[in-house]
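S.K.: What follows is a structure written as structure tokens; I'll ask about it next.
No value in this document is a laboratory result; all are computed from the given coordinates. This structure is a prediction, so every number in the text was calculated from the model and none was measured. Cβ: placed from backbone, ideal geometry, glycine included. Neighbour counts: every protein chain shown.
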Amino acid sequence: MSVSGHCLCGAVTISTTADPAFSANCHCTDCRHSTGAAYATLLFFKEDDVTITGERATFSHPSDRGTTLTKSFCPKCGSPIATQNDARPGMIGIRAGQVDQPEAIKPGRNVFLDSKLPSTPIDESLAGSPRMPG
Ligand SMILES: [Zn+2]
Ligand SMILES: [Zn+2]
């Protein structure tokens, strides 16, 4: 299903024309810092299927593999919006918390389980990997 979404203040809006290609819960420490949450749930789309309106600020940093991750957020309310990896051109990860359709948020796997918080429960029926698979 296509989804819509917005940041906390509403200045940034998101709409998609297609289903997410895949979705994952990421338990890495970078996701914790950038979201302020125990882990990050991301819905990955083809960039061409996603329209984001409103001004966004960005922050880029290296991944554990030396690729460049660029995260965007609303400069007004600070809500994280999206993340992109230069090793995966054409793909964009949308932060699940901004999505208006709860039923569209169906993470298929957990990644970076080796850095998850001890208090975070894990759905063992999902695929899991200690770091980023592939
Ligand atoms: Zn905002
Ligand atoms: Zn992460």
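S.K.: For the stretch 1-80, what number results from the quotient of the Cα radius of gyration and 2.2 N^0.38 Å?
M.R.: Working: Rg = 13.0 Å, N = 80, 2.2 N^0.38 = 11.6 Å.
Ratio of Rg to 2.2 N^0.38 Å for the stretch 1-80: 1.12.
S.K.: Send over the per residue convex hull volume for the chain, Cα only, as a whole number of Å³.
M.R.: Working: hull volume 14.2 nm³, N = 134.
Expressed per residue, the convex hull around the Cα atoms of the chain is 106 Å³.
S.K.: Quick check on the chain: helices-only [θ] at 222 nm, where DSSP H runs of length 4 and up contribute -39,500 (n - 2.57) each and the sum goes over total residues. Nearest 500, please.
M.R.: Calculated at 222 nm, the ellipticity per residue is -1500 deg cm²/dmol.
S.K.: If we count every other residue with Cβ under 11 angstrom of residue 67's Cβ, Lys/Arg +1 and Asp/Glu -1, where does the sum land?
M.R.: On the way: positive: 65, 88; negative: 64, 86.
Once positives and negatives cancel, what remains is 0.
S.K.: In the P(r) worked out for the stretch 58-134, what percent of Cα pairs fall beyond 17 Å? Please report the intermediate quantities before stating the final value.
M.R.: On the way: 1770 of 2926 pairs.
Taking all Cα-Cα pairs of the stretch 58-134, the fraction more than 17 Å apart is 60 percent.
S.K.: Now for a separate question. Quick check: net charge around residue 31, other residues with Cβ under 11 Å of its Cβ, Lys/Arg +1 and Asp/Glu -1?
M.R.: Numbers: positive: 32, 71, 95, 116; negative: 30.
With Lys, Arg at +1 and Asp, Glu at -1, the neighbours total +3.
S.K.: When the dipole is taken about the Cα centre of the chain, and only Lys, Arg (+1) and Asp, Glu (-1) are charged at their Cβ, what size is it in debye, to the nearest 20?
M.R.: Numbers: 12 positive and 13 negative charges, 60 e Å.
Dipole magnitude for the chain comes out near 280 debye.
S.K.: For the stretch 112-124, take each phi angle, set θ = phi - 60°, evaluate the Karplus expression 6.51 cos²θ - 1.76 cosθ + 1.60, and give the result in whole Hz per residue in order, putting x for glycine and proline.
M.R.: Values per residue, Gly and Pro as x: 6, 5, 6, 10, 5, 6, x, 7, 7, x, 10, 6, 5 Hz.
S.K.: Taking the alpha-carbon centroid of each part, what is the distance from the stretch 118-133 to the stretch 12-42 in angstrom?
M.R.: For the stretch 118-133 versus the stretch 12-42, the Cα centre distance is 15 Å.
S.K.: Could you tally the net charge around residue 21, taking each other residue with its Cβ under 10 Å from the Cβ of residue 21, Lys/Arg +1 and Asp/Glu -1? Mind showing how you got there, number by number?
M.R.: Details: positive: 46; negative: 19, 49.
Charge balance near residue 21 sits at -1.
S.K.: From the residues 67, 31, 115, which one has its Cα farthest along the dipole of the stretch 4-116 in the positive direction, the dipole being from +1 and -1 charges on Cβ of Lys/Arg and Asp/Glu about the Cα centre?
M.R.: 115
S.K.: Here is a further query. Which of these, 34, 23, 119, has the largest mean-square fluctuation under a Gaussian network model of the chain (Cα springs below 10 Å)?
M.R.: Looking only at 34, 23, 119, the largest GNM fluctuation is found for 119.
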